[in-house]
Each structure stands twice: as structure tokens, then as C-alpha cells.
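The values are calculated or read from the model by the stated rules, or taken from the named source; none is laboratory data. Computed from a predicted model, the values in this text were never measured in an experiment. Glycine gets a Cβ as well: all are built from the backbone with ideal geometry, and neighbour counts include every protein chain shown.
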Amino acid sequence: MNYQQLKEEIIAYSKTIGIDKIGFTSATVFGGLKARLITQQQLGYQSGFEESDVEKRTNPDLLLSGAQSIIAIALAYPSKLKNAPRSTKEERRGIFCRASWGQDYHHILRDRLTKLEAFIQEKVPEAKMKSMVDTGELSDRAVAERAGIGWSGKNCAIITPEFGSYVYLGEMVINIPFEPDTPMEDRCGSCNKCVEVCPTNALVQGGQLDSTKCIAFLTQTKGFLADEYRTKIGNRLYGCDTCQTVCPENKGKDFHLHEEMEPDPEIVKPVLKGLLQISNKEFKEKYGVISGSWRGKKPIQRNAIIALAHFKDETAIPDLQTVLENDPRPVIRGTAAWALGKIGNKEAIPILEKAASREKDEEVQEEINKGMAMLLGIKK
């Protein structure tokens with residue numbers, strides 16, 4: 001078989017099914033990545049969401065016996081929200097990161113990869129393939145970098161010349177020996193903006209991320225958020241775009257190439273108070289289609305409460321009181337108590353006093369004490 005011709009046919013077909021960029025690389029072990037991953041684990045920089053087995057993350061042959069190549073794909077997503085609703089004093093709004101706009105990208109990329117698999121299978125019936133998006137064992141970024149999709153930026157994202165870093169990545173391990181594409185030259189140069197402006201200093205240095213400090217990770221956790229990070233989150237409900245928005249390579253990059261990626265402004269920039277008492281059913285119906293819903297409503301609600309505190313939204317005091325008095329979840333009650341203190345209106349003092357008299361959970365009591373201390377001007 002003429003594998004070069006097949007490669008060209010795959011590239012041509014990929015354009016017809018909405019793949020914005022495609023690259024090919026060998027399925028050899030990612031040796032340099034393996035060393036970096038071991039270092040990340042030793043430093044405690046991993047989030048826990050990724051595959052823990054370093055061998056599986058770096059050796060494609062463990063995922064598909066006889067693997068010879070990897071096909072990497074990239075789809076560009078929008079960076080600007082059309083008809084964005086305004087946040088007002090009466091209706092403060094939160095924001096989901098750009099990678100969570102539109103339909104869940106996992107489904108979109110799997111659709112493209114499934115079509116690509118079918119095309120290849122028709123050409124080569126004996127071909128064996130394994131595709132993955134984000135939650136697979138391989139590092140999407142390492143594959144894309146080696147396949148020439150883009151270079152790995154200091155913000156730990158793949159940056160493409162065409163679309164900046166606003167791209168979703170996926171890959172397919174395959175037992176066909178395609179000619180590898182050439183990796184792209186790093187263009188970050190001396191620019192260090194992303195490292196300098198990271199709100200939590202999660203970018204330890206260019207290309208090295210402490211995931212446990214990253215707001216994108218923190219917004220997905222389900223427990224109490226450490227005090228030092230509550231003041232850093234702002235109105236972010238899910239994810240963080242700071243290291244992308246400051247990147248010079250992203251200036252002027254905004255692509256609306258895929259209808260299913262178009263965001264609903266009311267979903268990706270929702271009214272915060274409306275999130276506080278939303279039911280599970282309502283949450284799934286309204287937000288279930290976006291990737292930012294994968295951890296359920298609890299982290300989103302906790303972040304919404306923190307965002308109301310960030311805005312010092314006094315109109316939210318009755319809503320926070322209701323949450324503090326009625327919500328069965330300690331994290332949500334406790335965060336509401338802290339938020340009442342952070343907002344700083346003395347009307348919240350009797351609310352916290354009442355809550356303190358009947359609260360049984362120790363962590364919630366601690367948050368009530370923090371809130372009361374802020375209201376009374378006591379530094380702790």
C-alpha cells in the first residue's frame with residue numbers, strides 16, 4: 001500500500017468533516033515527557049484528574065499493540081462571546097471558560113475521530129485504531145507538539161500559528177506506519193506574560209504548571225476552597241483563561257467554524273444568584289450539554305457564592321441566608337457564611353449568629369466564625 005497517498009487522502013478527508021488541523025507522528029515512546037511527568041508527580045504538581053500510570057501516558061504500544069503512528073487533530077473554538085449579557089449591580093454574572101463554551105468538546109472531537117476511523121477502515125480493513133480525547137491515557141499536548149500541530153507554550157497549552165491556543169485536541173493511535181510530520185519551532189521566545197500574570201502563580205516557570213494551584217483545577221474541586229484562593233477566583237465558575245488571553249499569539253484570534261461550539265450567552269455567563277438554589281434536574285437540563293458541568297452543580301454553586309462575595313453583592317444577602325439555613329451540604333453552607341462576612345454588610349451579623357447557634361458541622365462553624373470576624377473587623 002502507498003501510505004503517503006493514504007496520508008494525503010486522510011488529510012483531504014479531514015477537511016471535509018470539520019477537522020481544522022491534522023498532523024502525524026510516530027508511536028515511539030515519549031521519553032522526554034516521561035521524565036517530566038515523574039518530576040511532576042514527585043513535586044506534587046498533578047491534579048489527580050489525569051492518568052496516573054506514567055508508562056501508559058508515554059508508551060502508545062501499551063494502548064494499542066503494534067502501534068506505529070499517531071494522528072493528531074485540532075479544532076478551533078471561539079474566543080469572543082457574541083451578544084454577551086452585561087453584569088449589573090442587581091444581577092451579577094459569573095463566567096465559564098472558553099473551552100467550556102458550546103457543546104461538550106469531548107463529544108465533538110470523538111465524532112470527528114469516529115468519522116476518521118471509519119474512513120481509514122474502509123481504505124484499510126485490517127487497520128487497528130484507538131482514539132482518545134482529553135481523558136485518554138496519552139498527553140494530548142505532547143502528541144500534538146510532536147505531530148506538528150503547534151508548539152508547547154509557556155502557558156502549557158499548544159499554540160498554533162493559525163488559531164493561537166484556542167484549539168481542542170484529540171488523537172488516534174494506529175498500526176499504520178505514516179511518515180511523521182515535523183515538530184514546530186517554539187515561538188514564545190523571551191515573552192513571559194502568562195507566567196507573570198497567572199493569578200495563583202500556578203505557572204511555576206514557562207512550561208511547568210503546579211496543577212494544584214491552577215484556577216482551572218481549583219474551580220473543579222468539590223470541597224472547601226482554601227482562603228488564599230477564594231480572593232483569586234473572581235467571578236470564574238469553571239476554568240480560567242488568563243494565561244491564554246494575555247498571550248500575544250492569541251491577539252485577534254476568534255474563530256466560529258463549528259456551529260456546535262457556539263455558546264449560549266445565558267449559559268456561559270449566567271446570573272450568579274440564579275445558580276444558588278437550582279435543582280439537580282434544572283442544572284442538568286440547562287448546563288448538562290457543556291463540558292463545565294461534568295463535576296455536577298456543587299463546585300459551580302460554591303464558585304458562584306465566592307463570586308458574589310467578590311462583587312460584595314449586598315442584594316445576594318437574602319439568597320445566601322436561605323442557603324446557609326437550608327442547604328444540606330456543609331461546603332455550600334460554610335462558603336455562604338464566609339461570603340456573608342466578605343460582603344461586609346452588618347445586616348448579616350444576626351444571620352450568622354442564628355446559624356452559629358444551631359450549626360453542628362465543625363467546618364461550617366469555622367466558616368461562620370470567619371464571616372463574623374470580617375463583619376466585626378477582627379483580623380484572624
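Here is how the numbers come out for the structure above:
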| read-out | value |
| --- | --- |
| Top-ranked residue in region 210-246 [being out of contact with any helix residue (DSSP H, G or I) (no Cβ under 7 Å at 6 or more places or on another chain), free of Cβ contacts under 8 Å to residues at least 60 places away in the same chain and buried (at least 20 other Cβ atoms within 10 Å of the Cβ); ranked as farthest from L272 (Cα to Cα)] | K213 |
| Near pairs, Cβ below 7 angstrom, 6+ apart or cross-chain, from region 316-332 (in contact (Cβ under 8 Å) with a residue 12 or more places away in the chain and under 12 Å from D361 (Cβ atoms)) to any residue that is of a type in the set (G, A, S) and part of a helix (DSSP H, G or I) | L324/A336; L324/A337; L324/A355 |
| A76 vs. criteria hydrophobic (A, V, I, L, M, F, W, C) and farther than 30 Å from I233 by Cα | no |
| Selection from region 247-261 of residues that are buried (at least 16 other Cβ atoms within 10 Å of the Cβ) and in a loop (DSSP other than H, G, I, E, B) | C247, K253, D254, F255, H258 |
| Where a residue in region 25-50 is over 19 Å from T221 (Cβ atoms) and without any contact (Cβ under 8 Å) to a residue 40 or more places away in the chain and its partner, wherever it lies, is among the hydroxyl-bearing types (S, T, Y) and assigned to a loop (DSSP other than H, G, I, E, B), with Cβ under 6 Å and at least six apart | none |
| Entirely in region 1-75, the helices (runs of 4 or more DSSP H) that have 3 or more residues that are closer than 25 Å to K115 by Cα | 3-16 |
| Region 90-104, subset over 11 Å from the mean Cα position of the chain (by Cα) and modelled with pLDDT of 95 or more, residue surrounded by the most Cβ atoms within 10 Å (Cβ to Cβ) | G94 |
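Residue-wise test of (1) surrounded by fewer than 22 Cβ atoms within 10 Å (Cβ to Cβ); (2) modelled with pLDDT of 95 or more; (3) more than 28 Å from the chain's Cα centre (by Cα).
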{"position": "D327", "(1), (2), (3)": "yes, yes, no"}
{"position": "A339", "(1), (2), (3)": "no, yes, no"}
{"position": "E353", "(1), (2), (3)": "yes, yes, yes"}
{"position": "S357", "(1), (2), (3)": "yes, yes, yes"}
{"position": "E366", "(1), (2), (3)": "yes, yes, yes"}
{"position": "M374", "(1), (2), (3)": "yes, yes, yes"}
{"position": "I378", "(1), (2), (3)": "yes, no, yes"}
